[in-house]
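No value in this document is a laboratory result; all are computed from the given coordinates. On a predicted model such as this, the values are computed, not experimentally measured, just so you know. Counting neighbours? That spans all protein chains shown, and the Cβs are built from the backbone with ideal geometry, glycine included.
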Amino acid sequence: MTKNIWTVLGVILAVVIAWWIVSALFSVLWFIAKLAIVAVVAVVVFLVLRGIFSRDAD
């Protein structure tokens, strides 16, 4: 009987820990994806601004 209780508690603890790890992993992956999107948009904005200012200098 006691072994069954510890097994159930172990399974519940494993699910809670796995849930936390997956949540943290998705948070990190979303941060990396957002960082990549920001980098691409920043490069596009930089090129547009450089194009605008280079035309004004001529």
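Odds and ends about this structure:
- What the phi angles of region 40-50 give under the Karplus curve with 6.51, -1.76 and 1.60, with θ = phi - 60°, is a coupling list of 5, 5, 5, 5, 4, 5, 4, 5, 5, 5, 5 Hz, glycine and proline written as x.
- A simple spin-label model places pseudo-atoms 7 Å from Cα toward Cβ; at T2 and A39 they are separated by 5.5 nm.
- Net length gained if the chain between L49 and F31 were fully extended (0.36 nm per residue, minus Cα distance): 3.8 nm
- Coarse-grained scattering of the chain at q = 0.17, 0.19, 0.20, 0.25 Å⁻¹, given as base-10 log I(q)/I(0) from a Debye sum over alpha-carbon atoms: -0.72, -0.78, -0.80, -0.92
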